[in-house]
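Undergrad: Below are the structure tokens for one structure; questions will follow.
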């Protein structure tokens, strides 16, 4: 029985042998670099998380040649190769000393005939030795920097004089304080076994992806895939089953219990015999940082970490640590458009807080961006200021008329790794879809924009033929259908770093990967372009993609503080005055899904007013119908409640609730409302999220379940009305069949989804002009008589009229609503135009933009 246990341990799987190290051999260990020496040293380097590992050949002693078909390295193999404790430590040594130590250790091997020497230093695969010049040329896969301090794993006894390696002995004598104490030295076998146990998790991930038929993706295993019984923890039997399957199924390599225990021990932080999701996620993040073994050191890697369409700041502290955890040599960060707007914060600071967070995140900041269509949502002068504040490269490849400030048409990066040099061209392309832009967009520069495909093809030719780039990577901001078509044209791009859609995509089309991460940085993509060796064509690198959940990474608390500083004005706005509750109205949002409510009417009325003010016409929106499921506070307000605040609106409408204004016949309005309310007439009445709440211009007869009036007038069946609805309602949410049929029958009437407006933002805008009309004359407000109304003057007037304390944020919001020239103050022309016509501010803004 004891012999059986020993045999089982000897045959226990340790790791896969990389194909480029087959067949394994430890013959000639004392006079040449061997594949076993490379394997052992690389495991030590990766297991200790250092830059390189150098081990005296006399410690690796089997002196055997392995069969060519051996794919697995076992525990027994390791024991035979490294029979002694061979304790190692990690010390900081300059590149010049490392190079000289290796050179001297191999001096006897250069004699004729070569002589064996137990001090011949075996090295990991990141160290490149030029046999002709007998010099170390690379450390950690990069050209050696003689002045750089590298973290080097060596045998402790080598530093103490074993095998008389004089450069290492001299270093140790001069730097005794830098050598870790004995209790921090670790036996080489222990390090290798521990790291091998961790590495098996990566093998499990590869196996899982292969089972799912996914190529081009690099993953650790998923927690749910391993948690077979969905108990919320991974136990011993589940790990054993997964490893057995990995190594060949029931008839494959037998997996001893101690191997499974080692595998679990690497992750089971609290040693309770199971692995929960938090332990698993923590290990995955750690392993991504330390694992370089599977990334061969003779390849050249270019890494891109990116997110797209980020409107809110909330995920930046998490993204910070995601970037830091996945940072490697030759890494850049990208955000291909849509970041300065739209959001509540950007309505207050015009994207200033967003740019600051982008400059800080990950320690390196977001380094490359291009325009998105929403960069046009803030005034052109504010956009120019944001561009000036951004510390990375803002690439503008297809809008030549945008000249202030001047932006690069492309950028060229040069990288070096694995003995290769590569040049990468970066371009940034913005959709020219006319439905997304008003006249004069981007200060008129959009009128000069060139087609995306045409520009991409032209710049690829310039970059590759004139500048010698190996590959060109476009950042694109366009709909997924256009990205797919761009890939189908086979322009020779291996990857599109894409944006505009708010759902994640990871597709390969005609050899081109299209990747989008969704919106607001809830996910990030980590993409590696890999040239296996110098013979790999420049424009055909292998593409490896990881889609990572940002919240799996702990937030950077310092960045949380910065974020909260930017959001303080939003917090203040929570209590900011929106409007007065009409006298005699008791606000309630209870029963929202089965009957008309006062809050439902107030919210839809505010949205209707906001659309009218935005578009400068009462005809712009005749009415608003909003699904009750989007109004969710379910609250009875106190009888004395006189003021409806932004905080109230946010609680009632907690989601984005994206709205569009569409043209529809009166009969369709009647049918849509009737169908939405049918369930409330059942016995007993049924709640329904699709129950349409209506603004105060509607009249509805509960006896017949029919709309009789819209915009305060009798509804006409065949007349076209401009009606605000939730965009999702047209796409089938809550199954309002008349609306679904309408959208299918008249797609030309349905605005592009990128033209949607968030309900809260529209309502806030709609409240502002009402307040202005209560404040009095311009002369009364302009207390210092300088012809300009300042925040302080407006704040004081609002407090006087509303009979309550008013924050500066609320006053600034009011100014911004009619500040057509973007000066931060209100002049007499702006004021009187609004007083005469509340929609006049919009017209004045348009006039100023045209001048």
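The values are calculated or read from the model by the stated rules, or taken from the named source; none is laboratory data. Not measured: the values here are computed from a predicted model. We place every Cβ from the backbone using ideal geometry, glycine too, and count neighbours over all the protein chains shown.
Here's the yes/no breakdown for (1) out of contact with any helix residue (DSSP H, G or I) (no Cβ under 9 Å at 6 or more places or on another chain); (2) part of a helix (DSSP H, G or I); (3) more than 23 Å from residue 333 (Cβ to Cβ); (4) not assigned by TED's automatic domain parsing to the domain that holds residue 323:
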residue	(1), (2), (3), (4)
450	no, no, yes, no
485	no, yes, yes, no
490	yes, no, yes, no
493	no, no, no, no
497	yes, no, no, no
506	yes, no, no, no
530	yes, no, no, no
534	yes, no, yes, no
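Undergrad: Oh, and also: Taking residue 666 and the conditions (1) touching a residue at least 60 places away in the same chain (Cβ under 8 Å); (2) surrounded by 15 or more Cβ atoms within 10 Å (Cβ to Cβ), which numbered condition does it fall short on, given that it satisfies the others?
TA: (1)
Undergrad: Looking at (1) assigned to a loop (DSSP other than H, G, I, E, B); (2) under 29 Å from residue 817 (Cα atoms); (3) in contact with a helix residue (DSSP H, G or I) (Cβ under 6 Å, 6 or more places away or on another chain); (4) without any contact (Cβ under 8 Å) to a residue 60 or more places away in the chain, which one does residue 439 not meet, given that it meets all the others?
TA: (3)
Undergrad: Scan (1) touching a strand residue (DSSP E or B) at 6+ places or on another chain (Cβ under 6 Å); (2) surrounded by 24 or more Cβ atoms within 10 Å (Cβ to Cβ) for the single condition residue 606 breaks and write down its number.
TA: (1)
Undergrad: Mind checking whether some residue in segment 537-544 is in a strand (DSSP E or B), in contact with a helix residue (DSSP H, G or I) (Cβ under 8 Å, 6 or more places away or on another chain) and touching a residue at least 24 places away in the same chain (Cβ under 8 Å)?
TA: So far as segment 537-544 goes, no, none of its residues is in a strand (DSSP E or B), in contact with a helix residue (DSSP H, G or I) (Cβ under 8 Å, 6 or more places away or on another chain) and touching a residue at least 24 places away in the same chain (Cβ under 8 Å).
Undergrad: If residue 96 satisfies all but one of (1) within 26 Å of residue 24 (Cα to Cα); (2) surrounded by fewer than 16 Cβ atoms within 10 Å (Cβ to Cβ), what's the number of the condition it fails?
TA: (1)
Undergrad: For segment 593-613, what are the residues that are more than 12 Å from residue 653 (Cβ to Cβ), touching a helix residue (DSSP H, G or I) at 6+ places or on another chain (Cβ under 6 Å) and assigned to a helix (DSSP H, G or I)?
TA: Residues satisfying the conditions are 609, 610, 611, 612, 613.
One line per residue, one yes/no per condition, for (1) modelled with pLDDT under 65; (2) under 39 Å from the mean Cα position of the chain (by Cα):
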site	(1), (2)
815	no, yes
819	no, yes
830	no, no
836	yes, no
845	yes, yes
851	yes, no
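Undergrad: Hey, residue 787 hits all of (1) in contact with a strand residue (DSSP E or B) (Cβ under 9 Å, 6 or more places away or on another chain); (2) surrounded by 13 or more Cβ atoms within 10 Å (Cβ to Cβ); (3) at pLDDT 90 or above but one; which does it fall short on?
TA: (2)
Undergrad: Residue 177: over 16 Å from residue 45 (Cα atoms) and not in a helix (DSSP H, G or I), yes or no?
TA: Spelling it out, it is not the case that residue 177 is over 16 Å from residue 45 (Cα atoms) and not in a helix (DSSP H, G or I).
Undergrad: Something else about it: Run down 468, 425 and say which single residue is outside any helix (DSSP H, G or I), touching a strand residue (DSSP E or B) at 6+ places or on another chain (Cβ under 7 Å) and closer than 28 Å to residue 323 by Cβ.
TA: 425
Undergrad: Step by step: first the residues of segment 770-784, then only those that are surrounded by fewer than 17 Cβ atoms within 10 Å (Cβ to Cβ) and assigned to a loop (DSSP other than H, G, I, E, B), then the one that is modelled with the lowest pLDDT. Which residue is that?
TA: Selected residue: 773.
Undergrad: Could we say that residue 221 is modelled with pLDDT under 80 and under 21 Å from residue 11 (Cα atoms) here?
TA: No: the conditions fail for residue 221.
Undergrad: Kindly indicate whether residue 268 is surrounded by fewer than 19 Cβ atoms within 10 Å (Cβ to Cβ), modelled with pLDDT of 80 or more and in the same structural domain as residue 224 (by TED's automatic domain parsing).
TA: The answer is no for residue 268.
Undergrad: Residues that are at pLDDT 95 or above: which helices (runs of 4 or more DSSP H) entirely in segment 302-367 hold 2 or more of them?
TA: Those helices (runs of 4 or more DSSP H) span 316-326, 352-360.
Undergrad: I'd like the full set of residues that are more than 19 Å from residue 40 (Cβ to Cβ) and in contact with a strand residue (DSSP E or B) (Cβ under 8 Å, 6 or more places away or on another chain), limited to segment 146-168.
TA: Hits for segment 146-168 are 146, 147, 148, 149.
Undergrad: Being modelled with pLDDT under 90, surrounded by fewer than 18 Cβ atoms within 10 Å (Cβ to Cβ) and over 20 Å from residue 817 (Cα atoms) narrows it down to one residue among 586, 568; which is it?
TA: Answer to the selection: 568.
Undergrad: Within segment 386-410, work out how many residues are closer than 24 Å to residue 538 by Cα, surrounded by fewer than 18 Cβ atoms within 10 Å (Cβ to Cβ) and in contact (Cβ under 8 Å) with a residue 40 or more places away in the chain.
TA: The number of residues fulfilling the criteria is 1.
Undergrad: Report, by residue number, each residue of segment 232-263 that is at pLDDT 85 or above, touching a strand residue (DSSP E or B) at 6+ places or on another chain (Cβ under 7 Å) and within 19 Å of residue 207 (Cβ to Cβ).
TA: 234
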